[in-house]
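Quick note: the coordinates plus some simple rules give every number you see, no bench work behind them. If you're wondering where the values come from, they're calculated on a predicted model, not measured in any experiment. FYI the Cβ positions are ideal-geometry reconstructions off the backbone, even for glycines, and counts take in every protein chain you see.
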Amino acid sequence: MKMYILVRESIPIGFGILAAAHASLSCYLKFRDAPEVAEWLSGPFYKVVCRVSETEFEAAKAFDDHVVLTESALGGAEVAIAFRPR
């Protein structure tokens, strides 16, 4: 199983790295009671991080079981999306 994290390609790389780390933890906390998370944690808990365009980022929000991260240093801009392990 893998947790997928999408980071907007338009944000500076330093904020992207920070966003990916925060997204992983936020996703775990939001879905920690889901059976998929327990299964994910029992094995190697893989994560896949991808840089995506603005269009891809907006389209990804239509999928279920995700958390959207914002960055206060960028005026509250949405910077990453993490999806429940699947």
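Below, the figures for the structure above:
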| quantity | calculated |
| --- | --- |
| Subset of the range 56-82 (residues that are more than 8 Å from the chain's Cα centre (by Cα) and among the β-branched types (Val, Ile, Thr)) | THR70, VAL79 |
| Qualifying residue in the range 13-30 (condition: within 14 Å of the chain's Cα centre (by Cα), under 17 Å from ARG86 (Cα atoms) and β-branched (Val, Ile, Thr)) | no |
| Residue count for the range 45-86, restricted to those that are touching a strand residue (DSSP E or B) at 6+ places or on another chain (Cβ under 8 Å), without any contact (Cβ under 8 Å) to a residue 24 or more places away in the chain and under 12 Å from LEU6 (Cα atoms) | 2 |
| Of all residues in the range 1-25 being in contact (Cβ under 8 Å) with a residue 60 or more places away in the chain and among the small types (Gly, Ala, Ser), the one that is surrounded by the most Cβ atoms within 10 Å (Cβ to Cβ) | ALA19 |
